1. Please report the net charge: other residues with Cβ closer than 10 Å to the Cβ of residue 120, K and R +1, D and E -1.
2. Using R₀ = 30 Å, calculate the FRET efficiency as 1/(1 + (r/R₀)^6) where r is the Cβ-Cβ separation of residue 151 and residue 20; round to 0.05.
3. Kirkwood hydrodynamic radius, the chain, all distinct C-alpha pairs: what's the number in Å?
4. How many angstrom lie between the Cα centre of the range 95-113 and the Cα centre of the range 156-173?
5. R0 = 30 Å: FRET efficiency of residue 8 with residue 166, Cβ-based, nearest 0.05?
6. If I build a Gaussian network model for the chain, linking alpha-carbon pairs within less than 10 angstrom, which residue out of 64, 15, 137 has the largest mean-square fluctuation?
7. Estimate the FRET efficiency between residue 175 and residue 40 by the formula 1/(1 + (r/R0)^6), using the beta-carbon distance for r and 30 Å for R0, to the nearest 0.05.
8. Could you sort the peptides 100-111, 20-31 by per-residue average Cβ neighbour count (10 Å cutoff), highest mean leading?
Amino acid sequence: MSKIKVFKTKIPGLHIIQPTMFSDNRGTFFESYNREECLANGLNLEFIQDNEVFSEKGVLRGMHVNIKHPQGKLIRVLDGKILDVVVDLRKKSPTFLTSYSIILSKENKKQLYIPEGFGHGYLAIDDSRVLFKTTTHYIPDDEIGFAWNSKVLNVDWGIVSPIQNEKDKLSKDLNEVLK
């Protein structure tokens, strides 16, 4: 029996990873990441850093992308629930500028693997604690942001005035950033 299930999405390289749950009278056990099983599913993932983020309900983080040192990320919610949103920014991709959104939560245990070259952000639907496994170290000066409500994303965030930091509030529309 496989310990994780890997599902493709409509965007090449973007995958949902669902752990297999093992429960008994003591509680529940699952492997949130298994390199061999990922390899068997065509995902050659090597993570070098883990980041943990707490966000209160209504916080929107993003949208961000790293340019010179792109990051692959495996996103998992430890507590709470988020709306996770990505957009394919790989210029040679057949799905360039295609966005994808998914609810990730402590309850559903779904994880999202985001390959290098994607814009990423999320809305905390509840108070949330999120774990990011990354393929490269975070370099703040390499990150650019773009507006969460950029029309090209075509995402219903379910919120009008999210809580954001000043940098994200000032982000320009994705179409302007791409010029």
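No value in this document is a laboratory result; all are computed from the given coordinates. Source: prediction; values computed, not measured. Here the Cβ is made from the backbone with ideal geometry for all residues, glycine too, and neighbour counts use every protein chain on show.
1. +1
2. 0.15
3. 16.8
4. About 19 Å separates the Cα centre of the range 95-113 from the one of the range 156-173.
5. Numbers: r = 37 Å, r/R0 = 1.25.
Efficiency computed from Cβ-Cβ geometry: 0.20.
6. Between 64, 15, 137, it is 137 that shows the largest mean-square fluctuation.
7. Numbers: r = 39 Å, r/R0 = 1.31.
In this case the efficiency is close to 0.15.
8. 100-111, 20-31
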